[in-house]
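The values are calculated or read from the model by the stated rules, or taken from the named source; none is laboratory data. If you're wondering where the values come from, they're calculated on a predicted model, not measured in any experiment. Glycine gets a Cβ as well: all are built from the backbone with ideal geometry, and neighbour counts include every protein chain shown. We work out accessible area using only protein heavy atoms, side chains counted, and drop any ligands, DNA or RNA first. Shrake-Rupley method; radii C 1.70, N 1.55, O 1.52, S 1.80 Å.
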Amino acid sequence: MRWSHYFIPTLREDPADAEVVSHKLLLRSGLIRQLGSGIYSYLPLAQRAVLKIANIIREEMNAVGGQEFYLPALHPAELWQESGRWSIMGQNMFRLKDRKNGDYCLGMTHEEVFTDIARKELRSYKQLPQVWYQIQSKFRDEPRPKSGLLRVRQFTMKDAYSFDIDTDGLDKSFEDQRGAYCRIYERCGLEYVIVEADTGAMGGSASNEFMVYTSAGEDMVASCPECGYAANTEKARSAIPAVDDGPVDLGIEKFPTPGVRTIEDLVTFPGGAVAEKQIKTLVYVSVAEKGNEAQTTPFLALLRGDHPLNEVKLANAVAKLVNKDGWEQTAVRPAHPEEILELMGARAGSLGAVGLTKTWILADEALKGRKNMTTGANEDDHHLRGVSIDRDIRVTSWVDLRTVAEGEGCPDCDGKLRVAKALEVGHIFKLGTKYSDSMGARVLNADGKETSLIMGCYGIGVERILAAAIELHNDESGIIFPVTIAPFQVVVSPLNMKDADLKATADGIYADLGRSGIEALYDDRDERAGVKLNDADLVGFPFQIRIGPKKLKEGKVELYDRATRIAEDVPVESVVEITKQRIADALQKLNG
RNA sequence: CGGGGCGUAGCACAGCCUGGUAGUGCGCUCGGUUUGGGACCGAGAGGUCGGAGGUUCGAAUCCUCUCGCCCCGACCA
């Protein structure tokens, strides 16, 4: 490929709209252009990289018995209504109508479509297991697209689904996928961690996320350097020291606290209490749907004064109370001020759960057995001290509601947790029978009885791998592509196209590289050396062959390694062979 | 959905407060010089100032509405 006629619109300056490194570099290096908010066009270089990533994924999926499909992105609403996700997905789903006013949506994921095929075609346990996958566009109307390719509204996903007859089969399918995922990320040059994760709107039992540590990430991962425990903070647990409440049980006492509105206020208020001795009382609302009906249920969440609430944990906990008799929780949100006043008879700042029986009270486990606590009196400008949880508060359920913090104890060993930002590049779930039950996907087992298919689903964001690789591998000059996913493996740069010797040498090297099966880009542009070298560095081709006048007189050219920034002088006649070897070594290192 | 910011040439921005000829740098085209880390000289092309309405003799500039984009938060397989 000749650069002079290849479309690589590099930018000298950082685009104003870009914030994170990968976004800046993807734009500057001429890989992508924005079409709309969260919608990007992939230019030729990006397309080459995306195809390489997709091929790595394809090879590893096929290696664990995956069969590649290609399903529609346009789905009839009925399918999603059957699974119940037409309402659960809410505004995140792109919806449209056809000319006959029929409801359709653009697929956010493909459980429904694959399950539909499975229920229509699979009849016997003898056909199982099946592992089906595709690499296809997904559409999500994200509330806030951002960070270039990291959070977008249309993206490419590899989504795989396994169908097994029993949980042993599911366990095997899950482990196969997990192994394939590890190989995929390794081959793409990503350092990753596998974490315990929340299953969210997917439903199901177990799930693992594959995370790449980067400040551009949107999740927080808690991990233990001692034992390897790692979990998304939406799920992470931690060990914390018990608080000594003293030997005697002081009685309940109401006291006036004018102007006190926050935990912090009460800490400094004379006669108040330190945060660890306070009970934080939060009012939340669960929103649920049943067919066309909707209901809202206010409830209380209690935490130790200094502990931050984790809304994902809260939503999961309250869903267990809400989801019955056909009701399905669609959202959990903080209560509005007027809802708080109606339920509690007091305003936020003076709330407390003592004596309340009319509503659910979800209490964090860290409050278990605590006594002599201070909390709101449910009367504006008054608090209670000497509260014993067991005696004074009727807790509906004890659950883990708190967000773990850096430095807290590992739940599995004596280590201390670290908490760091990370980017989710893959997620694998044990779904169980959520979809097969709701959509009636059953086969006959060995006993001749109908049994629901046991499913797993496994997703990888293809562009996120590209963006994550750039987040991880870059320097002040630009991208440093891992050789496995680089758009081209080497760029040939004669530093002056008007010098006939340089040009002739470059022509020859480029032709030889092609014959050797190396993916080379020939920078035949009539540009100054500085422009060529800077562009080559910016785009991040793993190797550069630089052909300059001085060294050519000695019969030598430079082979430059983008990652190490080391240039070695090699004889013209052997540069192709040496380059071939370098690329092979680099590929070997990642592909194993 | 709440908060903040920005829409002026392909890109980055100035001009707006205080209304009166639409500018700068990079990029682009042509000619010349130059050629190992984003050259130089000369000559050019390129803009309904996001859109609509209003105020005014006159609007990029003031007012109203609207659309789009970015950031923070909320939200989020």
### Task
List the cysteines in chain A whose Cβ has no other cysteine Cβ under 4.7 Å from it.
A:Cys105, A:Cys182, A:Cys188, A:Cys457
### Task
With a probe of 1.4 Å, find how much accessible area chain A has per residue, and write the answer as a whole number in Å².
44 Å²
### Query
Quick one: how many Å² of A:Arg261 are accessible to a 1.4 Å probe, rounded to 10?
120 Å²
### Task
Take the cross-link list A:Lys498/A:Lys550; A:Lys97/A:Lys158; A:Lys172/A:Lys313; A:Lys24/A:Lys138; A:Lys254/A:Lys371 and give me the ones stretching past 18 Å between alpha-carbons.
A:Lys97/A:Lys158; A:Lys172/A:Lys313; A:Lys24/A:Lys138
## Note on the structure
Links exceeding 24 Å between C-alpha atoms in this model, out of A:Lys120/A:Lys449; A:Lys280/A:Lys368; A:Lys126/A:Lys320, come to A:Lys126/A:Lys320
### Residue-wise HN-Hα coupling along the range A:89-106, computed from phi with Karplus coefficients 6.51, -1.76, 1.60 (Hz; x: Gly, Pro)
6, x, 6, 6, 9, 6, 10, 8, 10, 8, 5, 9, 6, x, 7, 9, 9, 8
### Task
Roll a 1.4 Å probe over the protein heavy atoms and report the accessible area of A:Lys280 in Å², nearest 10.
40 Å²
### Task
Give me the angle, in degrees from 0 to 90, between the Cα long axis of helix A:462-472 and the longest principal axis of the Cα atoms of chain A, rounded to the nearest 10.
80 degrees
### Query
Roughly how much of A:Asp166 is accessible, in Å² to the nearest 10, using a 1.4 Å probe?
70 Å²
### Debye intensity ratio I(q)/I(0), log10, the range A:253-399, q values 0.12, 0.18 Å⁻¹ (C-alpha model)
-0.47, -1.00
### Message
At 222 nm, what value in deg cm²/dmol follows for chain A if DSSP H runs of at least 4 each add -39500 (n - 2.57) and the sum is divided by all its residues, to the nearest 500?
### Response
-8500 deg cm²/dmol
### Query
Roughly how many nanometres apart are two label points built 7 Å out from the Cα toward the Cβ at A:Lys172 and A:Lys589?
3.8 nm
#### Entry: Inter-part distance where the range A:520-592 and the range A:257-286 are each reduced to a Cα centre, Å
64 Å
### Task
Any chance you could get the radius of gyration and Dmax over the Cα atoms of chain A, in Å?
29.4, 96
### Message
If I fit a long axis through the Cα atoms of helix A:44-63 and take the longest principal axis of the Cα atoms of chain A, what angle between them do I get, 0 to 90°, rounded to 10?
### Response
70 degrees
### Summary
Carbon and sulfur atoms account, in whole percent of the 1.4 Å probe accessible area of the range A:477-562, for 48 percent
### Query
Put A:Arg582, A:Arg394 in order of accessible area, largest first, 1.4 Å probe: what do you get?
A:Arg394, A:Arg582
### Summary
1/(1 + (r/R0)^6) with r = Cβ-Cβ of A:Glu476 and A:Ala63, R0 = 35 Å, i.e. FRET efficiency to nearest 0.05, evaluates to 0.35
### Task
Enumerate the aspartates and glutamates that A:Lys416 could reach by cross-link, defined here as Cα to Cα under 14 Å, with residues fewer than 8 away along the same chain left out.
A:Glu226, A:Glu406, A:Glu408
### Query
Going from most exposed to least, what order do A:Met1, A:Met108 have by accessible area with a 1.4 Å probe?
A:Met1, A:Met108
### Query
What are the aspartates and glutamates whose alpha-carbon lies under 16 Å from the alpha-carbon of A:Lys277, with same-chain residues fewer than 8 places away excluded?
A:Asp244, A:Asp245, A:Asp249, A:Glu253, A:Glu264, A:Asp265, A:Asp306, A:Asp364, A:Glu365, A:Asp390, A:Asp392
### Query
Under 18 Å from the Cα of A:Lys324, which lysines turn up, not counting those fewer than eight places away in the same chain?
A:Lys290, A:Lys434
### Task
Just reorder A:Lys358, A:Lys532 by solvent-accessible area, largest first, 1.4 Å probe, all chains present.
A:Lys358, A:Lys532
## Note on the structure
Rounded to the nearest 10, the angle in degrees between the Cα long axis of helix A:500-515 and the longest principal axis of the Cα atoms of chain A comes to 60 degrees
### Query
If you look at just the Cα atoms of the range A:488-591, how large are its Rg and its Dmax in Å?
12.6, 40
### Message
How large a share of the accessible area of the range A:253-399, in percent, is made up of carbon and sulfur atoms when the probe is 1.4 Å and the other protein chains stay in place?
### Response
51 percent
